[in-house]
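Visitor: Sharing a structure below in structure tokens format, with a few things to ask.
The values are calculated or read from the model by the stated rules, or taken from the named source; none is laboratory data. All values reported here derive from a predicted model rather than from experimental measurement. Positions of Cβ are backbone-derived with ideal geometry, glycine not excepted, and every protein chain shown enters the neighbour counts. For the accessible areas, the whole protein counts, side chains as well, though only heavy atoms, and no ligand, DNA or RNA atoms are used. Shrake-Rupley method; radii C 1.70, N 1.55, O 1.52, S 1.80 Å.
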Amino acid sequence: RKRGIKVCLNTGYSKEMASYIINKVKLDDYIDGFMTSDQVKMGRPYPYMIHKLMERFSILSGDSIIKVGDTCIDILEGKNAHTKYQISVLSGADNYETLATKNPYLIIKDVSDLAEYITY
């Protein structure tokens, strides 16, 4: 974020539930925004949550977005939004073999490993 990179979340939870979780785990200081599936006409794998965040932050192209997620549906959402990369994380719902079937750009062990792979 210090380098001008926006960090946003999206989720299938409702806006009310997502707000509660974000406040409970004190993520407000670490993210720039979030979008929930009840704020768009259709959730993942459709690209609408990503597109709405792009609009909010005046991002004109998916070429400047990296979608990170722990499910196959996250990868599909990123592909449908034409994000530059889709990165899968093994610390969540789906395992390596399942994630690999959707051909993400990269599969990493944990989101904390992301910084190793991102160049500025």
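Visitor: Under a 5 Å amide H to amide H cut-off, with H placed in plane at 1.01 Å, what residues pair with ASN10 once short-range neighbours are removed?
Guide: Amide H to amide H, under 5 Å and 5 or more residues apart or across chains, ASN10 pairs with MET35.
Visitor: Dipole magnitude of the chain about its Cα centre, charges +1 at Lys/Arg Cβ and -1 at Asp/Glu Cβ only, in debye to the nearest 20?
Guide: So the dipole magnitude of the chain works out to roughly 340 debye.
Visitor: On to the next question. Using a Förster distance of 30 Å, how high is the FRET efficiency between ARG3 and LEU106, based on the Cβ-Cβ distance and rounded to 0.05? Don't skip to the end; give the middle numbers.
Guide: On the way: r = 20 Å, r/R0 = 0.66.
According to the calculation, E is roughly 0.90.
Visitor: Ignoring any ligand, DNA or RNA, what whole percent of the accessible area of the stretch 1-119 comes from carbon and sulfur when the probe is 1.4 angstrom?
Guide: Reported share for carbon and sulfur atoms: 52 percent.
Visitor: Could you tell me which label, among (i) 2, 11, 21, 24, 24, 14, 4, 0; (ii) 2, 11, 21, 25, 19, 12, 6, 3, 1, 0; (iii) 2, 10, 18, 20, 19, 16, 9, 4, 2, 0, carries the value of P(r) over Cα pairs in 5 Å bins from 0, in percent calculated for this structure?
Guide: The value matching this structure is (i).
Visitor: With a 1.4 Å probe and every protein chain left in place, work out the accessible area per residue of the chain in Å², rounded to a whole number. Don't jump to the answer; show the numbers that get you there.
Guide: Values: 7840 Å² over 120 residues.
Result: 65 Å² per residue.
Visitor: Under the Karplus relation 6.51 cos²θ - 1.76 cosθ + 1.60, θ = phi - 60°, what is the ordered set of whole-Hz ³J(HN,Hα) values for the stretch 92-97, x standing for Gly and Pro?
Guide: Result, rounded to whole Hz: x, 6, 9, 8, 4, 4.
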